Amino acid sequence: MGSLQHVYDRPGPFVTAYLDTSADAEDASKAIELRWRDLRERLSGQGADEATLEAIGEHVRGHRAQTGQRGQVIVGTGGAVVLSDELPEPPNDLPAEDQAHFGPAPHLMPYLRRAMSRVPFVVAVLDRVGAELTLVRGPGDVERTEVSGQDHPVHKTHAGDPENHDRFHQAVEEQWRRNAEVIADEVTERARKMNARVIVLAGDVQQRGLVRERLGNQVRDTVLETDSGLHDVPVEQVRQEVAPTVHRAHLTEVVEEFERERGRAERAVEGWPDTVDRLRRGQVRTLLWTADDRAGELYIGPGQAEIADVEQDLADMGSETLDRVPGSAAVLRTLAAVDGEVLVAEPEAVELTGGIGAVLRYA
């Protein structure tokens, strides 16, 4: 959530739009513009300012349509777009009030639910020379880079006498190993710096094994492999394919920790009153959410830590009430301030009173 803090640095109010940007028809740009006009009309009716709506409109018109079913979340305030990110599918299943929202806090739980796992992870698409790296640090924070070894010799041939043939093959295989070491060193360092929870190796099967063997001890146990990601497959597609696997692995880990700490009655809480209280104190490390995206309402004050389920609690803090907002919008606003993370789960994954709970930083 810390990667979204720049959004909450703005005073608001915020426009949040979930737009279908699918581009399967020849007149895709026109269709996207018409969908935006519909959202704009609804947002204007809620009181959104014209400057912010115009800024989002310019952003939509400048968006490069890409073939396929997709969507986009756009948040604006003060005449500027402050967040824009791709969604893996159109947001047409969202209720109308979620697709177009105007209020004192952005409505981001539908985005985080669809973004699924944006816990930090690295995707490395490998060949015999180098790798394309995708570094996913958090919501809206994705970086792509490349790492390269030596490109000669990396291809075996069948020409020449047997002795030279064997020596050449040995040289090629040695170059593969050296390139794998260069890639592994870069992946290990990048993963360490961003505290990556998972490393996904894709692409050349043999090179995956060589790289995996050379990864640092601190990251080797976090590796997943996928047959997707050869160079004719976009890296973004690989990221979307592996995200559910990353999410499930991380969710399982956190739920196990939550259940353990709940059994000890130590570093875990559940239910709205206790979770909101710990959010206000800055104790929440990971928020677990199984509720509806608009479940309940909470009171918020001008400061991000000013959150309460009872208005009097804000008064007791010496704070004035800014507004009453959807519970998810309020808890995400405070969670970003303390650099916590949120994990959205199905109700069957973990039983939570009121659909909300948390693993705490300390008891």
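Read the figures in this text as sums done on the coordinates, not as results from a lab. Remember, predicted model here, so these are calculated numbers, not experimental data. Here Cβ is always computed from backbone atoms with ideal geometry, including for glycine, and neighbour counts include all displayed protein chains.
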> Once phi is turned into θ = phi - 60°, what whole-Hz ³J(HN,Hα) does the Karplus curve with 6.51, -1.76 and 1.60 give for every residue of region 39-56, x standing for Gly and Pro?
Replying inline: 4, 4, 4, 5, 5, 4, x, 8, x, 4, 6, 5, 4, 5, 4, 5, 4, 5
> For the residue pair Arg264 and Ala28, what label-to-label distance in nm results when each label sits 7 Å from Cα along the Cα-to-beta-carbon direction?
Replying inline: 5.1
> In the Gaussian network model of the chain, springs joining C-alpha atoms below 10 Å, which of Met317, Met194, Met109 carries the largest mean-square fluctuation?
Replying inline: Met317
>> Can you list residues from other chains, or at least 5 along the same chain, whose modelled amide H is less than 5 Å from the amide H of Gln283?
In response: none
>> With just the Cα atoms defining each centre, how far is region 27-79 from region 284-310? Give it in Å.
In response: 27
>> Spelling out what I want: for every residue of region 323-334, take phi, set θ = phi - 60°, compute 6.51 cos²θ - 1.76 cosθ + 1.60 (Karplus), and round to whole Hz; glycine and proline get x.
In response: 5, 10, 10, x, x, 5, 5, 5, 5, 5, 4, 6
> Given a Förster distance of 51 angstrom, what is the FRET efficiency for Gln218 paired with Arg37, based on the Cβ-Cβ distance and rounded to 0.05?
Replying inline: 0.50
> Non-local amide H neighbours of Asp323 (under 5 Å, H modeled in plane, Pro and chain starts lacking H): which ones?
Replying inline: Ile300
> Using only helices, what value at 222 nm comes out for the chain when you add -39,500 (n - 2.57) per DSSP H run of length 4 or more and divide by the total residues, to the nearest 500 deg cm²/dmol?
Replying inline: -13000 deg cm²/dmol
>> Please list 3J(HN,Hα) in residue order for region 301-312, calculated via the Karplus relation 6.51 cos²θ - 1.76 cosθ + 1.60 where θ = phi - 60°; whole Hz, with x for glycine and proline.
In response: x, x, x, 5, 7, 8, 9, 7, 8, 10, 4, 4
> Hey, what did the chain get for relative contact order, percent, Cα under 8 Å, at least 6 apart?
Replying inline: 16
> Taking amide hydrogens as modeled 1.01 Å from N in the peptide plane, which residues meet the under 5 Å criterion relative to Thr21, leaving out close sequence neighbours?
Replying inline: Arg70, Gly71, Gln72
>> What distance in nm separates the two pseudo spin-label positions at Gln312 and Arg64, each 7 Å out from Cα along the beta-carbon direction?
In response: 5.8
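How much length is gained if the chain between Glu256 and Thr226 is pulled fully straight, taking 0.36 nm per residue apart and subtracting their Cα-Cα distance, in nm to one decimal? Intermediate results must be reported in sequence, preceding the final value.
Values: separation 30, 0.36 × 30 = 10.80 nm, distance 2.56 nm.
Residue separation times 0.36 nm, minus the Cα-Cα distance, leaves 8.2 nm.
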> For the chain, which span is the longest to avoid every loop-located (per DSSP) member of GluC sites (Glu not before Pro) having at most 14 other Cβ atoms inside 10 Å?
Replying inline: 27-265
> Using 1/(1 + (r/R0)^6) with R0 = 22 angstrom and r between the beta carbons of Gln46 and Ala80, what's the FRET efficiency to the nearest 0.05?
Replying inline: 0.75
> Relative contact order of region 266-360: what whole-number percent is it, with Cα pairs under 8 angstrom and at least 6 residues apart?
Replying inline: 48
>> Could you work out how much longer the chain between Ala96 and Val205 gets when fully extended? Use 0.36 nm per residue separation minus the Cα distance between them, nm to one decimal.
In response: 34.7 nm
> Build a GNM of the chain with springs between Cα atoms under 10 Å: which of Ala315, Ala191, Ala105 gets the top mean-square fluctuation?
Replying inline: Ala315
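Taking R0 as 35 Å, what's the FRET efficiency between His6 and Glu174 from their Cβ-Cβ distance, rounded to 0.05?
On the way: r = 47 Å, r/R0 = 1.33.
It comes to 0.15.
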